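The values are calculated or read from the model by the stated rules, or taken from the named source; none is laboratory data. Here the structure is a predicted model, which means the values were calculated and not measured. Because the Cβ atoms are built from the backbone with ideal geometry, glycine has one as well, and the counts that use them run over all protein chains shown.
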Amino acid sequence: MPINKIVASFDEAVADIGDGAVIMVGGFGTVVSMPSCLLEALDRKGVKNLTTVSNSSGFGADVWRMQGAPFPEDMDILVRNGRIKKAIVSAPVSAMYVNNFEKLLRAGKVEIEMVPQGTLAERVRAAKAGIGGFYVPVGIGTVIEESKEKKVIDGREYLLELPIKADFALIHAYRGDRWGNLVYRGTSRTFNPTMAGAARVTIAEVDEIVELGELDPEVIVTPGVYVDRVVARPKKASVQESKSTDSQAEESKQKHEADIMTAQKGKGTRR
Amino acid sequence: MSSEVPEKQRLDRQIMALRVAKEFKDGNVVNLGIGIPGLAANFVPAGREVIFHSENGVLGYGEITLPGEGDLDLVNAGGQTVKRAPGMCFFSHDESFAIVRGGHLDISVMGAYQVSEKGDLANYMVPERQVGTIGGAMDLAFGAKKLIIAMNHTTKEGDYRIVKKCHYHLTAPKCVDLIVTDIAVIEVTKKGLVLKEVAPGWTPEDVQKLTEPRLIVAPDCHDIELM
């Protein structure tokens with residue numbers, strides 16, 4: 001039987017995520033790095049009491065629509081619809097304005113565990129790598145050290161940090177194949193490759209599915225063994241095809257596309 | 001609190017960024033925070049090759065593009081689109097913070113609410129809202145070899161930001177090396193805060209009035225040099 005991790009729809013991809021699940025959500029600040037369609041499907045499903053693990057708590061789709069992002073939903077869709085019980089997060093609020101997460105926080109409607117970004121990434125990676133814990137200096141002398149084991153190593157103080165385990169990881173990649181091998185685009189890797197394999201089930205939303213063998217093994221970032229499901233975005237103007245007014249940016253974009261094409265030694269086929 | 005200093009011209013954000021960029025030495029690996037620090041990417045002194053790091057997983061990015069003119073998959077940590085540049089590379093978040101935490105960054109530049117005379121930094125809890133975002137600030141403050149703070153010298157209300165002891169939640173203790181403000185450049189040393197440069201038209205006495213801890217005026221204290 002050929003291995004086939006490709007699922008036909010976003011609803012199918014998230015069908016077994018239930019109330020109270022712990023979910024990791026990839027991406028960073030900007031929506032193009034995030035699994036927008038999976039978040040939408042999860043919201044449609046109407047799950048409650050999620051514990052989420054993510055870098056940020058979202059700006060909301062309106063912000064990204066203004067920037068022309070074709071898939072504009074970020075963490076805010078789960079926040080504003082009250083689907084989150086607890087957020088393990090590095091950048092929950094904005095210094096610039098009050099986001100929906102802050103409103104919930106102030107109203108006492110959501111729990112928070114704020115984690116320094118690098119510690120969050122490493123706690124996720126530890127879960128993926130089967131590491132039972134690790135020591136970091138980050139947080140010594142701050143609120144982060146409260147109730148954590150300290151240890152002096154080579155004369156420097158460290159804190160014990162533990163892995164974050166999750167039921168599902170929702171991530172976004174540029175291209176993927178039926179084995180779950182993934183490549184990313186530009187600065188949109190962020191937490192996506194880190195979270196791949198860190199949960200019991202990893203679901204990858206990709207811009208495009210390509211035939212097995214089309215991704216150059218030299219440039220595959222996420223080995224397919226970390227990924228359980230692959231689902232493709234609908235074919236509409238995706239980011240790399242969106243309009244650009246700047247000829248230089250356009251040129252660099254085309255060059256980047258060409259680089260990837262060359263690296264992958266073949267033309268991708270859209271499903 | 002601070003007062004009675006006649007209205008003198010303060011440096012604007014661009015000029016502060018220009019002064020910060022002067023600290024970048026040839027070959028330095030530099031992380032720039034959101035706001036004034038980020039602007040420094042556009043002011044690298046001529047002839048110096050500097051590699052910029054951003055938390056979202058990029059080394060070696062180019063200048064910030066004009067709004068609406070960049071590639072959304074090529075951004076700095078503040079979400080500003082940046083230009084492609086030869087030598088740049090991308091990586092995951094765990095790799096990005098291995099670079100930060102592992103001591104591979106020469107300089108980190110960020111903003112602050114308060115800096116103490118010992119170099120303690122408070123910059124994540126928004127004081128009036130009692131919420132905050134740690135983000136990458138703690139990792140950067142602990143990990144970078146040199147930490148430069150770029151901020152206005154006082155709050156909008158005229159309160160001290162350079163204080164004897166931080167009142168706000170600490171990002172990291174004893175981590176700041178240099179403070180670039182809109183009126184001065186101050187080095188954090190074991191002996192205390194050393195006033196190195198003042199904005200044109202300002203005297204060391206003017207700066208002291210707006211600074212809570214005692215400043216040690218450097219023997220060669222002079223007007224801020226931008227070139």
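Condition check ((1) closer than 30 Å to A:LYS103 by Cβ; (2) in contact (Cβ under 8 Å) with a residue 24 or more places away in the chain; (3) buried (at least 24 other Cβ atoms within 10 Å of the Cβ)) across all residues:
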| position | (1), (2), (3) |
| --- | --- |
| B:GLN80 | yes, yes, no |
| B:ARG84 | no, no, no |
| B:HIS104 | no, yes, no |
| B:VAL109 | no, yes, yes |
| B:PRO127 | yes, yes, no |
The lone condition A:ARG200 fails out of (1) under 15 Å from A:ASN4 (Cβ atoms); (2) touching a Phe, Trp or Tyr at 6+ places or on another chain (Cβ under 8 Å); (3) free of Cβ contacts under 8 Å to residues at least 60 places away in the same chain is (1)
Can you tell me how many residues within region A:201-219 are surrounded by fewer than 18 Cβ atoms within 10 Å (Cβ to Cβ) and of a type in the set (Gly, Ala, Ser)? 1
Say we look at region A:99-127 and pick out the residues that are facing chain B (nearest Cβ under 9 Å) and of a type in the set (D, E, K, R); which of these is farthest from A:ALA196 (Cα to Cα)? A:ARG106
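Looking for something more than 11 Å from chain B (Cβ to nearest Cβ) and not in a helix (DSSP H, G or I) - is there at least one such residue anywhere in region A:136-146? Full working, then the answer.
First pass over region A:136-146, keeping only residues more than 11 Å from chain B (Cβ to nearest Cβ): A:146.
Narrowing further to those that are not in a helix (DSSP H, G or I): A:146.
Yes, region A:136-146 contains a residue that is more than 11 Å from chain B (Cβ to nearest Cβ) and not in a helix (DSSP H, G or I).
Confirm whether B:ASP73 is assigned to a loop (DSSP other than H, G, I, E, B), of a type in the set (Asp, Glu), within 8 Å of chain A (Cβ to nearest Cβ) and crowded, with 19+ Cβ neighbours inside 10 Å. Working first, answer last.
Details: assigned to a loop (DSSP other than H, G, I, E, B): yes; of a type in the set (Asp, Glu): yes; within 8 Å of chain A (Cβ to nearest Cβ): yes; crowded, with 19+ Cβ neighbours inside 10 Å: yes.
Yes, satisfied.
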Given the conditions (1) touching a helix residue (DSSP H, G or I) at 6+ places or on another chain (Cβ under 9 Å); (2) facing chain A (nearest Cβ under 7 Å); (3) more than 26 Å from A:THR194 (Cα to Cα), and given that B:MET138 satisfies all but one, which numbered condition is not satisfied? (3)
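Here's a check for you: in region B:169-191, which residue that is among the β-branched types (Val, Ile, Thr) and within 14 Å of chain A (Cβ to nearest Cβ) is nearest to B:LYS209 (Cα to Cα)?
Ranking the candidates gives B:VAL176 first.
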Please work out if A:ALA127 is among the small types (Gly, Ala, Ser), crowded, with 20+ Cβ neighbours inside 10 Å, touching an Asp or Glu at 6+ places or on another chain (Cβ under 8 Å) and not in a loop (DSSP other than H, G, I, E, B). no
Can you tell me which condition A:LYS151 does not meet? The list is (1) buried (at least 16 other Cβ atoms within 10 Å of the Cβ); (2) touching a Phe, Trp or Tyr at 6+ places or on another chain (Cβ under 6 Å); (3) more than 14 Å from chain B (Cβ to nearest Cβ), and all the others hold. (1)
Hey, does region B:80-100 have a residue that's at pLDDT below 95, closer than 19 Å to A:SER56 by Cα and in a loop (DSSP other than H, G, I, E, B)? yes
Looking at this structure, is A:ILE131 of a type outside the set (D, E, K, R), facing chain B (nearest Cβ under 8 Å) and more than 14 Å from A:SER54 (Cα to Cα)? no
Give the residue, chosen from A:ASP62, A:ASP16, A:ASP76, that is among the acidic types (Asp, Glu) and within 15 Å of the chain's Cα centre (by Cα). A:ASP76
How many residues does region A:79-98 hold that are crowded, with 23+ Cβ neighbours inside 10 Å and in contact (Cβ under 8 Å) with a residue 40 or more places away in the chain? 1
Output yes when any residue across region A:47-57 is away from chain B (no Cβ under 14 Å) and touching a helix residue (DSSP H, G or I) at 6+ places or on another chain (Cβ under 8 Å), and no when none is. yes
Selection count, region B:142-168, where residues are at the interface with chain A (Cβ under 8 Å from one of its Cβ atoms) and either over 24 Å from B:VAL185 (Cβ atoms) or in contact with a Leu (Cβ under 8 Å, 6 or more places away or on another chain) (or both): 1
I'm told A:SER252 meets every condition in (1) at pLDDT below 50; (2) within 21 Å of A:MET34 (Cα to Cα); (3) crowded, with 20+ Cβ neighbours inside 10 Å except one. Can you identify the failing condition by its number? (2)
